[in-house]
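The next block holds one structure in the form of structure tokens; read it before the comments.
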Amino acid sequence: MVHFQAPRRFTILILTVIAVIALTVKACQPEKQAGPPEKVTIAYSTASNAILMYIAFAKDYFAQEGLDATPQPHAFGKPALQSVIEGKADIATVGDTPIVFAVISGKKITTLAMIQTSNRNEAIVARRDQGIAKPSDLKGKKIGLTLGTTVDFFADSFLLAHGIDRKHVKIIDLKPDEMAAALRTGKVDAVSTWNPTLIQLKKKLGSKGIIFFGESLYTEIICVVAGQEYVKKNPAVIKKVLRALLKAETFVQQHPEESRRLVAEFIKTDKIVLDETWDDFTFLVALDQALLVDLEEQTRWAIKHRLTVRRDMPNYLDFISVDGLQTVKPEAVRIVR
């Protein structure tokens, strides 16, 4: 009988592959919980832009990771982030623009991951009866938007792309739930907003309204953030939150219809709206170089228009924490440090 003996290099290669697989599996598994679940308060936007967070709550993924997670809903991301800044929440979901304004105003926050992106979640809704039929007609008009949010940056990018300077329109600060009345009464001629307000206004205005998208101008990035001190003191909690979100990512990819039903129930919104806009979003837990580029671009915009007293560019690497995601899913970290 002939006995085959694998070459030593081949054996070492096989053992190395097995070890890597074992480490990857271990990183994705929940850590053994000693004692009671760790408490964490998570502030999130209910504007259909934190899908993975809703699913993580709806599917009890936080509990599976040994966390006692308290949901703290907000109408949009800016007040959710403010809750973290004020110490009323530990973690928040928020868009890129409020992150920029928080950092350049000296707030000690850090981004843990990107969880959702879209280049069709912001648009300008205008009234045709106010003489607006094309983008250039916005010049000299009153435009409502929520200052310091993604729709603020989007509106400026859109106007600039069509040769209109910010000073050539009148900007009126409005919350999303104030926009329908403002359009109806003539307080504003157009609004820059996001979903679900966007699709709701579209239906209310009907043929009297017109919508301007800018897919090539701006990609919204929704992130998970926390206070820097909280992250330093609670690395285990951060990893558990990220594991729960990764589970949510897998569930959304495998069960989109069920995901929409769960989300509609969790944030109490119309599933028809989710069905109509779902494909406009990418749901992915990651830290990508595109985030750095985006934050720096928006900082230059804020400085140019004197929306901040700061005149220098922060080092955004100091406001992004890669350790948590690097531990639970290293391939999801694509930031050059």
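The values are calculated or read from the model by the stated rules, or taken from the named source; none is laboratory data. What you see is a predicted model; the values in this text were computed from it and never measured. Note: ideal-geometry Cβ built from the backbone for every residue, glycine included; neighbour counts use all protein chains shown. We work out accessible area using only protein heavy atoms, side chains counted, and drop any ligands, DNA or RNA first. Shrake-Rupley method; radii C 1.70, N 1.55, O 1.52, S 1.80 Å.
When the solvent-accessible area of region 237-337 is split by element, carbon and sulfur atoms take up 50 percent of it, the probe being 1.4 Å. Distances between placed amide hydrogens fall under 5 Å for Thr70 paired with Val40, Thr41, Ile42, all partners being 5 or more residues away or on another chain.
Only helices at least 27 Å long along their axis, Cα-based, and averaging 1.6 or more on Kyte-Doolittle count here, so list those DSSP H runs from the chain. For the chain, where a helix must reach 27 Å along its axis and average at least 1.6, the hits are 8-28. The Cα atoms of region 60-99 give a gyration tensor whose axes a ≥ b ≥ c have a/c of 1.5 or more with a/b greater than b/c, which makes the shape prolate. Bridging of Lys78 to lysines at a Cα separation below 18 Å is possible for Lys88, Lys107, Lys108, Lys175, once same-chain residues fewer than 8 apart are set aside. Think of the chain as a dipole: +1 on every Lys or Arg Cβ, -1 on every Asp or Glu Cβ, centred on the Cα centre; then among Ile124, Gly163, Val328, Gly163 lies furthest on the positive end. Per residue, the average separation of C-alpha pairs within less than 8 Å and at least 6 apart gives region 41-149 a relative contact order of 28 percent. Taking the accessible area of region 84-220, probe 1.4 Å, and keeping the other protein chains in place, the carbon and sulfur fraction comes to 50%. Taking 0.36 nm per residue of separation and subtracting the Cα-Cα distance, full extension of the segment from Glu215 to Ala290 would add 25.4 nm. Quick one: Cα centre-to-centre distance for region 245-282 and region 167-194, in angstrom? Answer, in whole Å: 29.
For Leu246, neighbours were defined as the other residues whose beta-carbon sits under 11 Å from its Cβ, and their charges (Lys and Arg +1, Asp and Glu -1) total +3.
Model label sites at Glu38 and Gln228, defined 7 Å from Cα along the beta-carbon direction, differ in position by 2.1 nm.
Taking the square roots of five times each eigenvalue of the Cα gyration tensor of region 91-213, the equivalent ellipsoid has semi-axes of 26, 16, 13 Å, listed largest first. Protein heavy-atom accessible surface, 1.4 Å probe, per residue over the chain: 48 Å².
The separation of region 46-66 from region 135-162, counted between C-alpha centres, amounts to 32 Å. Here His255 and Lys170 are evaluated by their C-beta separation; at R0 = 51 Å the FRET efficiency comes out at 0.65.
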